[in-house]
């Protein structure tokens, strides 16, 4: 028999060391494992395409980490505990081995950070840009998943971290915004999934902010059949985002790539919620309130006047 | 707030009707469901790119069915029972709604045929060709997964169906081979996953033939640390493939896209195996034998002489 195709050697060299329990060394047609006993499964998948979700010259290790972390952010939004993932990589012929080595190193680092293992996947060529997909698997106590539906009138609208860094980071990474410390570009390239923050019985509804705060809050209000009002001045901004100035307020509120959690928290649970977040070292901020009324989002400026936006959010599709 | 982006309406129109139990109508950040009680999970993922794994002008319903069926074939190879899948679709801007409607119709038809439901996924744009990924989830009795490792000296080498139709079908679909009935092109476009054929305790090793019979048999011999000898004349050919003539023998044995099962079956289980296959209406053929010796595949022609091939198989990577 002649040598195996390059695909197999590439998988053996770069991806096999990432194989988790049940992955059968990535040498079989599928992974086989017992699911966590007595728990519900939580599964989600995202795709990322060079030039759409990341910049074609972004470092491969950071591309890998963004791919994994955007999916971990979905687990965080449900209140789930991730344990493994499958991944497909479609790469242009001739993409060099160093790219794959760096890509795998990024995954290895985040596997250690987040306690997940690679369970399977596929590597193919493409005549187009690098196209990636990742399916994340996690688990949760049955009945304790946190849904987009569930906000009640009077619940506070809360966010984790700071909002708008990702959108400004894309501008920074493409030379359209000054970013002397590199903070903003880093926030665009490396999301911080807020695993463990959203807890059943404390948070009544949750999603992760990936397509713009205002648009994503729209998902929560439609699911609940409620309105929501938020104060632009209360939306937390990083120092770097604040330095960009007030001209970027709309971009911060409607741009994508935050990967922070947007949550409904009943007043009765605020103290428990804030204490829990502090224990995790994650900043949380109340930015508004869910109210009876038409399912729409009102954003008020410092004078209390409702703000109008060109578009409420971002789509990676059209 | 203003209308949602086209992405959400596209998902609601075409993909939400495909949502299976636990998918939460594709309206949350992840699916949540109880895994089948007392069973191991079996998971696998594949990518397909237009121009690499299917032809850019292949009908969208058949592209969808190939995407799902190639993954179902992995479940068949493990002896697993599939129950659901996640899918990512990266499509060029402007791909028309009719394409998505046909794509979803193909999935709907095969969901009914195979008893699986859509659990989640992602839809994005791409500046490149249509890029698809699918992660399939299935289950199996713990300890009963059929692996690539497991063949013993003396086990027969068996295949399901006919071999080489997919490779000749690609030639037919691209106008390089006469295909008056369209049989070969159909075999390229619509794999037949052999679910239920490979059973624990009967079949000792198995994989699905996707990259060429000879190359894929190489995986079984390396896993077992055995050699294997097969007779080219015994490798089952469809009438259409036979009509293509002996010049296409090498292509049939080394081309990709068969999605038939390649199995090791101990002599003691042959009768049970053949009876079980007959009950499913699937033809199975013994084409050779696993033997002690170096882990290599020998293919003998009608005179008993070993055949040499330019390449043992096909890679979708390089």
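The values are calculated or read from the model by the stated rules, or taken from the named source; none is laboratory data. The structure presented is a predicted model; accordingly, all values stated were derived computationally and were not measured. Using ideal geometry, Cβ is built from the backbone for each residue, glycine included, and neighbour counts are taken over all protein chains shown.
Observations on the structure shown:
- Considering the conditions (1) in contact with a helix residue (DSSP H, G or I) (Cβ under 8 Å, 6 or more places away or on another chain); (2) more than 26 Å from residue B:148 (Cα to Cα), residue B:48 is excluded by exactly one of them, (2).
- Here residue A:89 does not qualify as without any contact (Cβ under 8 Å) to a residue 24 or more places away in the chain, in contact with a strand residue (DSSP E or B) (Cβ under 7 Å, 6 or more places away or on another chain) and facing another protein chain (nearest Cβ under 10 Å).
- A count restricted to the range A:93-111 and to residues that are in contact with a strand residue (DSSP E or B) (Cβ under 7 Å, 6 or more places away or on another chain) and within 14 Å of another protein chain (Cβ to nearest Cβ) stands at 1.
- Flag for residue B:136 being touching a strand residue (DSSP E or B) at 6+ places or on another chain (Cβ under 7 Å) and closer than 25 Å to residue B:274 by Cα: no
- Looking only at residues of the range A:119-156 that are facing chain B (nearest Cβ under 7 Å) and assigned to a loop (DSSP other than H, G, I, E, B), we find that the one that is surrounded by the most Cβ atoms within 10 Å (Cβ to Cβ) is A:126.
- Total residues in the range A:22-76 satisfying the condition of being in a helix (DSSP H, G or I) and at negative phi: the figure is 17.
- Criterion violated by residue B:13 - all others in (1) under 30 Å from residue A:312 (Cβ atoms); (2) at the interface with another protein chain (Cβ under 10 Å from one of its Cβ atoms); (3) surrounded by fewer than 20 Cβ atoms within 10 Å (Cβ to Cβ) satisfied: (2)
- Evaluation of residue A:159 against the conditions (1) over 20 Å from residue A:249 (Cβ atoms); (2) surrounded by 21 or more Cβ atoms within 10 Å (Cβ to Cβ) shows that the sole unmet condition is (1).
- Given (1) buried (at least 22 other Cβ atoms within 10 Å of the Cβ); (2) closer than 18 Å to residue B:208 by Cβ; (3) modelled with pLDDT of 95 or more, index of the condition residue B:81 fails: (1)
- If you check A:105, A:12 for being part of a helix (DSSP H, G or I), modelled with pLDDT of 95 or more and outside the structural domain of residue A:208 (by TED's automatic domain parsing), only one passes: A:105.
- Within the range B:296-305, tally of residues that are closer than 18 Å to residue B:221 by Cα and modelled with pLDDT under 95: 1
- Residues that are more than 12 Å from chain A (Cβ to nearest Cβ) and out of contact with any strand residue (DSSP E or B) (no Cβ under 7 Å at 6 or more places or on another chain) within the range B:16-74 comprise B:16, B:17, B:55, B:57, B:58, B:59, B:60, B:61, B:62, B:64, B:65, B:69, listed in sequence order.
- Some residue of the range B:284-294 being touching a strand residue (DSSP E or B) at 6+ places or on another chain (Cβ under 7 Å) and within 14 Å of chain A (Cβ to nearest Cβ): yes
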